[in-house]
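Notes follow once the structure below has been shown.
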Amino acid sequence: MNLAEDVQLISFGLLGVLMIAAALGVVLLDQIVYSAFLLGGVFLCMSGLYVLLNADFVAAAQILVYVGAVNVLILFAIMLVNKQETFKPVGNRWLRQGATALVCVGLFALLSTMVLATPWVVDTTVVLTSTVVQIGKHFFSDYLLPFELASVLLLMAMVGAIILARRDFIPEKMATDTQDALTLPERPRELTGTVSDR
Amino acid sequence: MDLSNDLAAQLNAGAILPEGLVIVTLMAVLVIDLIVGRKASSWLPYVAIAGLFATVAALVLQWDNPNPLAFFDSFNSDDLSVIFRGIIALSTVITILMSIRYIEQSGTSLAEFMAIMLTATLGAMFLSGANDLVMIFVSLETLSISSYLMTGYTKRDPRSNEAALKYLLIGAASSAIFLYGVSLLYGLSGGETNLAQIAAQLAQGDSDQALGLAIALVFSIAGIAFKISAVPFHQWTPDVYEGSPTPVVAFLSVGSKAAGFALALRMLLTAFESVTVEWHFIFTALAILSMILGNVVALAQTSMKRMLAYSSIAQAGFVMLGMIAGTEAGYASMVFYLLIYLFMNLGAFTCVILFSLRTGTDQISDYAGLYQKDALLTLALSICLLSLGGIPPMAGFFGKIYLFWAGWQAGLYGLVLLGLVTSVISIYYYIRVVKMMVVKEPQEMSDAVQNYPPIRWNLTGMRPLQVGIVFSLITTSLAGILSNPLLTLANNSITQTDLFHVANAAAVETVAQVAEDADPVAQ
């Protein structure tokens, strides 16, 4: 066993232990802010695993998207919700937790049996060119159509996010040609009031 | 110019011309709305409808395309995908017709709604022809994300918010499960994403892969069953149907569901061909549960939209029967039923929208005595509901007969009998609404109907709604008697698709093999 393989093995072990510890912290800690920061740790460890798998682009994207965007968003959400509320402890809590643990352990056992039992086809070719170049080539050859469709998807996600976030100004003369009985559940409360007052 | 021609020929870009037209329409709607503003909202829907009709025309030209594979095999525009894309485009046309007035009255902007609706259509259309795992997932997400956005479109309504949140959470979870199954498929086939190549790789794989393949199958079916809302993946359906804007529900129950069935057919018949027995078994379970639970729970509903939600779950169960039959007649009956379901279900939803626009309620009991006030609405809703239930002269009856006949031919006696029994149950809750509208005496009329506003078709957006109602009324009542063109269309779409020939050849081979194996024993 040479030095490179040793380093790979040790960093894999280190990353794995760190990731499992951080993930347990996310689930078990009571303070939600700690959970959010530990989640960032899980994402970082995962990108480390991607580096070990020679997937440098995915590793960078993982940090950019998950740590840089998703995790920050989660932290913002936690900061904006500052309502203190004490929840009543749920009865038979251990039963629910036990059932969840049972399902999770069962699923884990099933999937790990499957992973170990299946003879995976392992790709042994050594890639020397950068993965970014390869991904780019795929995007403009055999995965051209999904790549272009993703642009429409992103456009619509943007439009949709703006629609959900913007403040609607209700036009004054909305109710001019409507009939009196028109009170859809979707109508804003103020507007419904003006219609019935009229 | 020369280069671009070469490129288009090499990619066979003509195969996605219909989708290209949808994208052009979508861009036109967005840009015109940006430039002209709210003044355009009176004629903008017609731009969208014209674009969709152009799409349908382009689809007609695609029929019997000798060279269906496009974009390096990632998209397949064979006749099966053409007919499903046609169903989806038509469902969007009718949905836009019914949404003009609805969106106007809910005080939200129409242009963005249509843009999102067109994106959902685009995703569904690409999904019907997707032939590659990456393509399948991206188009599935395009459909799903635009559906979430539409579900929460009336954001001042808490029920719509709740529906959107539920749909988003359950949908994201099911997408993740689907993606996990698909990634297993990628690994098992040694790094292939094309469905045909996956099937080829899996066929020569050894028996050690059986467990992995089974898990991949179950996880993929979980994702697909969420889209077609088959029991037990149906929990989102009633709440989402009740809370979200009614035109969206109409699209979800027809367009989105059709796309789900197209995906199921293509994926299960190619990639999972080696485990046909297993997926038939899983789908049998799904069909039984959907038919029983959908129809029985629908009996107890008091809200019209919730009742239609459970009825759509049950209808998905009937359609699955054609898939389990596994014969060409079975698949053709599926396509035929979906074609008819398009008209009758959208007709029913158009009537529900019209009623709620005039009275502001969706409760079944509020429909009491509607006959006295609005004869056209009563007639159209009765015809559509009776057709959904499968009462003889309507289109739905012929669709169900064909489905059950195909199932019987394939030897699915138990399932067909169950289908018949549950159809009878379904007739009860459909008739209940009809009885409520027609039979009640004037003094039993509900308050909503007593305060029924005078019928005015000249309000903005009412005319398209009227067109939608009359169109679905005519097609639902005539498509049964004059069903031959539709039937020919459905049959041709199946017989002219290579997908089913491959599947059939394999089935014949297996049967021959079994017969050979059995022979020595007999002797």
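Each reported figure results from applying straightforward, stated rules to the coordinates on display, with no laboratory input. A quick note: this is a predicted structure, and the numbers were derived from the prediction, not measured. Here Cβ is always computed from backbone atoms with ideal geometry, including for glycine, and neighbour counts include all displayed protein chains.
To the nearest 0.05, how large is the calculated FRET efficiency for A:Gln84 and B:Asn484 if R₀ is 60 Å and r is the Cβ-Cβ distance? Write out the running numbers ahead of the final one.
Values: r = 69 Å, r/R0 = 1.15.
The formula returns an efficiency of 0.30 here.
How large is ³J(HN,Hα) for each residue in the range A:124-140, as worked out from phi by the Karplus curve 6.51 cos²θ - 1.76 cosθ + 1.60 (θ = phi - 60°), to whole Hz, x for Gly and Pro?
Computed from phi, the couplings for the range A:124-140 are 9, 5, 8, 8, 9, 6, 5, 5, 4, 4, 5, 4, x, 5, 5, 4, 9 Hz.
Roughly how crowded by other chains is peptide A:150-162, in terms of the mean Cβ count from those chains within 10 Å of each of its Cβ atoms? Walk me through the numbers before you get to the answer.
On the way: counts 5, 1, 14, 11, 2, 6, 14, 7, 0, 7, 11, 1, 1.
Mean inter-chain Cβ contacts per residue within 10 Å come to 6.
Would you mind putting B:479-486, B:133-140 in packing order, based on average other-beta-carbon counts within 10 Å, highest first? It would help to have the intermediate numbers written out before the result.
Values: B:479-486: 15.8, B:133-140: 24.5.
The peptides rank, most packed first, as B:133-140, B:479-486.
Which pairs, out of B:Lys166/B:Lys305; B:Lys400/B:Lys440; A:Lys88/B:Lys166; B:Lys39/B:Lys155; B:Lys257/B:Lys305; B:Lys166/B:Lys257, put more than 21 Å between their alpha-carbon atoms?
Details: B:Lys166/B:Lys305 17 Å; B:Lys400/B:Lys440 30 Å; A:Lys88/B:Lys166 24 Å; B:Lys39/B:Lys155 23 Å; B:Lys257/B:Lys305 17 Å; B:Lys166/B:Lys257 18 Å.
In this structure, B:Lys400/B:Lys440; A:Lys88/B:Lys166; B:Lys39/B:Lys155 lie more than 21 Å apart at Cα.
Rounded, prolate or oblate: which one fits the range B:275-496, using the alpha carbon gyration tensor with axes a ≥ b ≥ c (rounded when a/c is under 1.5, else prolate when a/b beats b/c, else oblate)? List each step's numbers first, then the result.
On the way: a/c = 2.57, a/b = 1.75, b/c = 1.47.
Cα axes put the range B:275-496 in the prolate bin.
Within 10 Å of each Cβ in B:104-116, how many Cβ atoms from other chains are there, averaged over the peptide?
Taking all residues of B:104-116 together, the mean is 4.
Determine the shielding of peptide A:137-149 by partner chains: average, over its residues, the number of Cβ atoms on other chains within 10 angstrom of each Cβ.
Whole-number average of other-chain Cβ neighbours for A:137-149 is 6.
If packing is taken as the mean number of other Cβ atoms within 10 Å per residue, what is the order of A:14-24, B:256-266, B:465-475, highest first? Each step should come with its number before you reach the end.
Working: A:14-24: 14.5, B:256-266: 25.6, B:465-475: 20.2.
Per-residue mean Cβ counts within 10 Å order the peptides as B:256-266, B:465-475, A:14-24.
List the residues of the range B:287-312 whose backbone N lies under 19 Å from a point placed 7 Å from the Cα of B:Val421 along the Cα-to-Cβ direction.
B:287-300
Using per-residue counts of other Cβ atoms within 10 Å, averaged over each peptide, order A:112-122, A:39-49 from highest down.
The densest-packed peptide leads the list: A:39-49, A:112-122.
Between A:Arg167 and B:Leu169, take the C-beta separation as r, use R0 = 41 Å, and let me know the FRET efficiency to the nearest 0.05. Walk me through the numbers on the way to the answer.
Numbers: r = 25 Å, r/R0 = 0.62.
Result of the calculation: an efficiency of 0.95.
Please state, as a whole number in µm²/s, the translational diffusion coefficient that the Stokes-Einstein equation yields for the range A:129-170 at 4 °C and 1.567 mPa s, with Rh defined as the Kirkwood radius across alpha carbon pairs. Don't jump to the answer; show the numbers that get you there.
Working: Rh = 12.5 Å.
In µm²/s, the coefficient rounds to 104.
If you take the Cα Rg of the protein assembly as shown and divide it by 2.2 N^0.38 Å, with N the number of residues, what do you get? Let's see the in-between values first.
Details: Rg = 26.9 Å, N = 721, 2.2 N^0.38 = 26.8 Å.
Rounded to two decimals, the normalised Rg is 1.00.
Within the P(r) computed for chain B, what percentage of the Cα pairs occupies the region above 37 Å?
On the way: 36699 of 136503 pairs.
Result for the distance tail: 27 percent.
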